[in-house]
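Colleague: The structure is given below, and queries will be raised subsequently.
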Amino acid sequence: MTDFPTLTLRGLRADDWMALQPIVASETGLHDALDVPYASEEAFRERLTNPPAGTHTLVAELMLPSGRERVVGLAWLRVMVAPRRRHTATLQIVVHADYRAGEIEEAILRAALDLTDNWLALRRVEMRLFADDNARAEMLARHGFVQEAVMRRYAVRAGEVVDGWLLARLRPVGAQAPAAGKGGA
């Protein structure tokens, strides 16, 4: 599913919360998402094990040279349940700081887009980013995402109210689904 030789992309396992919680709660994880520090392990475990309806979770796992597996990221793809928005999903990707905006994050994105295009038949995928996240915005643009809106004073981050961007990727109506791993628009 990916060109990265030691990377496996898979569904969520019951015990993944233990490896994912430190990634989401890290300085980078908190910087990139809307989570707050000091969330309890129980709350995080509940979030992973009882997600909202229509949520698909992809986990990125590296095989280390030692033979040990290391979880390095995840994607939450939430398909809208409102009848007139069922063609749409929101996507959130969180990766370990060492792999942010690199090959692993891009592999997670490609897998999520393969799921939206070839298995869920979705027409629109939305992502929200902080407005200073140029590296991630460039990566998303390579996969057909465009900025649709600037969200002024979007969220509090590290004591400041900062702007955000709404980006979306539209799959043209009637278009063939892109080949797996191609991203497509």
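Rule-based calculations on the coordinates, nothing more; no lab input. What you see is a predicted model; the values in this text were computed from it and never measured. In this analysis, Cβ positions are derived from the backbone assuming ideal geometry, glycine residues included, and neighbour counts consider all displayed protein chains.
Colleague: Can Leu109 be described as in contact with a His (Cβ under 8 Å, 6 or more places away or on another chain) and either among the hydroxyl-bearing types (Ser, Thr, Tyr) or in contact (Cβ under 8 Å) with a residue 12 or more places away in the chain (or both)?
Modeller: Taking the combined requirement at face value, the residue satisfies it.
Colleague: For segment 97-118, what are the residues that are outside any helix (DSSP H, G or I) and under 12 Å from the mean Cα position of the chain (by Cα)?
Modeller: Hits for segment 97-118 are Arg100, Ala101.
Colleague: Going through Glu138, Glu126, Glu148 one at a time, which residue ends up being loosely packed, with under 15 Cβ neighbours inside 10 Å and in a strand (DSSP E or B)?
Modeller: After applying the criteria, what remains is Glu148.
Colleague: Which condition number does Ala121 fail, the rest of (1) in a helix (DSSP H, G or I); (2) surrounded by fewer than 18 Cβ atoms within 10 Å (Cβ to Cβ) being met?
Modeller: Only one criterion in (1) in a helix (DSSP H, G or I); (2) surrounded by fewer than 18 Cβ atoms within 10 Å (Cβ to Cβ) is unmet by Ala121, namely (1).
Colleague: Here's another thing I want to ask about it. Counting only residues that are in a helix (DSSP H, G or I) and in contact with a Gly (Cβ under 8 Å, 6 or more places away or on another chain), how many does segment 1-29 have?
Modeller: Qualifying residue count, segment 1-29: 1.
Colleague: Related question: Considering only segment 1-14, I want to know if a residue exists there that is in contact (Cβ under 8 Å) with a residue 40 or more places away in the chain and within 29 Å of Gly159 (Cβ to Cβ).
Modeller: No, segment 1-14 contains no residue that is in contact (Cβ under 8 Å) with a residue 40 or more places away in the chain and within 29 Å of Gly159 (Cβ to Cβ).
Colleague: Give the residue that is nearest to Asp133 (Cα to Cα), with candidates limited to residues of segment 30-58 that are among the β-branched types (Val, Ile, Thr), in contact with a helix residue (DSSP H, G or I) (Cβ under 9 Å, 6 or more places away or on another chain) and not in a loop (DSSP other than H, G, I, E, B).
Modeller: Out of the qualifying residues, it is Thr57.
Colleague: Does Leu115 satisfy the condition of being out of contact with any Ser or Thr (no Cβ under 6 Å at 6 or more places or on another chain), buried (at least 18 other Cβ atoms within 10 Å of the Cβ) and not small (Gly, Ala, Ser)?
Modeller: Judged against the criteria, Leu115 is a match.
Colleague: State whether one or more residues within segment 71-90 are in a helix (DSSP H, G or I) and in contact with a helix residue (DSSP H, G or I) (Cβ under 6 Å, 6 or more places away or on another chain).
Modeller: Among the residues of segment 71-90, not one is in a helix (DSSP H, G or I) and in contact with a helix residue (DSSP H, G or I) (Cβ under 6 Å, 6 or more places away or on another chain), which makes the answer no.
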